[in-house]
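Worksheet: the structure to be examined is printed underneath.
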Amino acid sequence: MSRITVPPRLRLSMGMKAALRRTVRWMLVGVVLGFALIGFLQVTRGTAVRHVQGVGTGGASVGVSEPQFPLMVSMLAGTALAPGHRVEVLLNGDGTYPRMWEDLRSAQRSITLQLYYGAPGRMARTIGDILRERLAAGVRVFILYDAFGTVDIPADELKAFRAAGANIEPFRPIRLSRLHLAQNRSHVRGIVIDGRIGWTGGFGIDDKWFGDGHTDAGWRETNVRFEGPAVRQLEAAFAAAWAEATGVLFTARLTSESHDDGVTAGLLYTTPTLGSTPAERFLALSIAGARTTLYITNPYFVPDTNFIEMLAATARRGVDVRVLTAGPKTDTNFVRRAGRGTYDALLNAGVRIYEWQPTALHAKTFVVDGEWSAIGSMNFDNRSMALNDESTLMVLDRGLGAQMIRLFLDDLQHATEITRGEFSRRPWRSRLAERAANLLTRIL
């Protein structure tokens, strides 16, 4: 009988399979230990709010155009709205970074910068050069970076910033002693310059944010620059996070700059808590406050059962509800599949859904009745509602609302609408993948 010889390539493949099996086993052990140490219910906690109901006759919620709405936001989301703001909506890298670099170069006293995402490249070198130049000019620079979202930043770069005089700290570093906080990330994007100019949105420090958002794989992004009382709210959010990271609480003799011709706005800073969170109360109040239109742009659109029903109920009472979300060029196909697992229920209720086509969508905005707008870092998923720190500028103004509607409708020209008939004919494999991914929405 001849001897069978296994080719070296096949032997390597078998070895790789064995290694893969060992890796999977250790991953499963890690998951089990993680759940044991952190707590399964804490890792998978969802939102508490299921309905919004008024206490007056008929039970109708407060509409965004009613004079009581700002007070409801203050009471339920914990953020006061104030007049006197100047607000600029800035699109994509081309519209954002030249303006941001100009503001940073203008700093005379202080810069605070809190970021979730950063990576090496041309953008990182540019902001690094600007900050080092400002440090040399005597400006105090404080940088707080999320320890998970910035893992690609080389340690040498961080050391170089500290050597140049920057106060730079990681936020919630992943350590065994702090494993119970590992799922609670700071997704905040916040820059404050001289206590006078604020920035938030979905921006990060990575070359993929360069460009016009339509070509060359540049991400489609929406950011906001603002002046007025909300800058102090963003500064307070940074101070709270800095105190957690370092034990040092900032204080200052503040003055609140206000513009007579400005608009009403407020900076919503949300953090995880027991029970319902400010993030979900803010979003539920906004959805229930819609009377004519609700236009949502969000790349990671994976609402849980509670918010699916809120959106469906809003569409059923005659509101024009539309959602623009990520298309095939998304950076996370798994999340896109999970989101598609919610489409049937929404489409059946009359919600119109569109998928962005040219590039990766990363903008996180909404506009209600052409009057109530939000621009920030908050995704429409369980992680942003229940687990992450987030920052969002809320604006109550018809002028900005009209601008947000124009931007939304313009974006729809570059998106594909998902219709009930077409979606119902998708392959069974797609249905299975979507349902499987949707089962994990609590930990995405």
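Quick notes
- Considering segment 355-382, and only residues there that are within 19 Å of the chain's Cα centre (by Cα) and more than 20 Å from L285 (Cβ to Cβ), the residue that is surrounded by the most Cβ atoms within 10 Å (Cβ to Cβ) turns out to be L361.
- Considering residues of segment 156-175 that are open to solvent by 60 Å² or more (accessible area, probe 1.4 Å) and without any contact (Cβ under 8 Å) to a residue 24 or more places away in the chain only, the residue farthest from A240 (Cα to Cα): D156
- Screening I153 against (1) of a type outside the set (K, R); (2) in a strand (DSSP E or B); (3) open to solvent by 40 Å² or more (accessible area, probe 1.4 Å) leaves a single unmet condition, (2).
Residue by residue, here is whether (1) among the acidic types (D, E); (2) exposed (fewer than 15 other Cβ atoms within 10 Å of the Cβ); (3) touching a strand residue (DSSP E or B) at 6+ places or on another chain (Cβ under 7 Å) holds:
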{"position": "A243", "(1), (2), (3)": "no, yes, no"}
{"position": "T251", "(1), (2), (3)": "no, yes, no"}
{"position": "A265", "(1), (2), (3)": "no, no, yes"}
{"position": "P272", "(1), (2), (3)": "no, no, no"}
{"position": "P278", "(1), (2), (3)": "no, no, yes"}
{"position": "L283", "(1), (2), (3)": "no, no, no"}
{"position": "I287", "(1), (2), (3)": "no, no, yes"}
{"position": "R291", "(1), (2), (3)": "no, no, no"}
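- Listed by first and then second residue, the pairs with beta-carbon distance under 7 Å, at least 6 apart or on different chains, first residue in segment 252-274 and closer than 15 Å to L396 by Cβ, second at pLDDT 85 or above and open to solvent by 80 Å² or more (accessible area, probe 1.4 Å), are G262/P83; G262/R86; T264/P83.
- For E244: the one exception among (1) within 20 Å of the chain's Cα centre (by Cα); (2) over 20 Å from A107 (Cβ atoms); (3) of a type in the set (D, E): (1)
- Only one entry of A240, A230 meets the criterion of being of a type in the set (A, V, I, L, M), more than 19 Å from G46 (Cα to Cα) and touching a Leu at 6+ places or on another chain (Cβ under 6 Å), and that entry is A230.
- Selection within segment 341-369 - among the charged types (D, E, K, R) and under 23 Å from R317 (Cα atoms): D344, R352, D369
- Test: D344 is more than 11 Å from N438 (Cβ to Cβ), of a type in the set (D, E) and open to solvent by 40 Å² or more (accessible area, probe 1.4 Å): no
- Restricting the first member to segment 389-405 and to residues that are open to solvent by 30 Å² or more (accessible area, probe 1.4 Å), and the second to residues that are modelled with pLDDT under 95, no beta-carbon pair is closer than 6 Å while six or more apart or on different chains.
- Scope segment 281-319; condition outside any loop (DSSP other than H, G, I, E, B) and acidic (D, E); matching residues: E309
- Residues that are more than 23 Å from A374 (Cβ to Cβ), part of a loop (DSSP other than H, G, I, E, B) and not hydrophobic (A, V, I, L, M, F, W, C) within segment 176-185 comprise just one, Q183.
- Cβ-Cβ distances below 9 Å connect the following pairs, each with a first residue in segment 78-103 that is under 18 Å from R196 (Cα atoms) and modelled with pLDDT of 95 or more, a second residue that is surrounded by fewer than 16 Cβ atoms within 10 Å (Cβ to Cβ) and among the aliphatic types (A, V, I, L, M), and a separation of six or more residues or different chains: L81/L71.
- If you filter segment 163-189 down to residues that are basic (K, R) and out of contact with any strand residue (DSSP E or B) (no Cβ under 6 Å at 6 or more places or on another chain), you find that the one that is modelled with the lowest pLDDT is R178.
- Any hit, segment 94-117, residues being over 19 Å from the mean Cα position of the chain (by Cα), open to solvent by less than 30 Å² (accessible area, probe 1.4 Å) and farther than 24 Å from G228 by Cα: no
- Considered as a group, the residues in segment 118-143 that are in contact with a helix residue (DSSP H, G or I) (Cβ under 6 Å, 6 or more places away or on another chain) and not in a helix (DSSP H, G or I) include one that is surrounded by the fewest Cβ atoms within 10 Å (Cβ to Cβ), and that residue is G121.
- Some residue of segment 320-335 being open to solvent by 70 Å² or more (accessible area, probe 1.4 Å), touching a residue at least 24 places away in the same chain (Cβ under 8 Å), under 19 Å from T419 (Cα atoms) and in a helix (DSSP H, G or I): no
- Among residues of segment 408-444, those that are of a type outside the set (K, R) and either more than 28 Å from G46 (Cα to Cα) or assigned to a loop (DSSP other than H, G, I, E, B) (or both), counted: 19
The values are calculated or read from the model by the stated rules, or taken from the named source; none is laboratory data. As the structure is a prediction and not an experimental result, all values here were calculated from the model. Note: ideal-geometry Cβ built from the backbone for every residue, glycine included; neighbour counts use all protein chains shown. Only protein heavy atoms, including side chains, enter the accessible area calculation; ligands, DNA and RNA are left aside. Shrake-Rupley method; radii C 1.70, N 1.55, O 1.52, S 1.80 Å.
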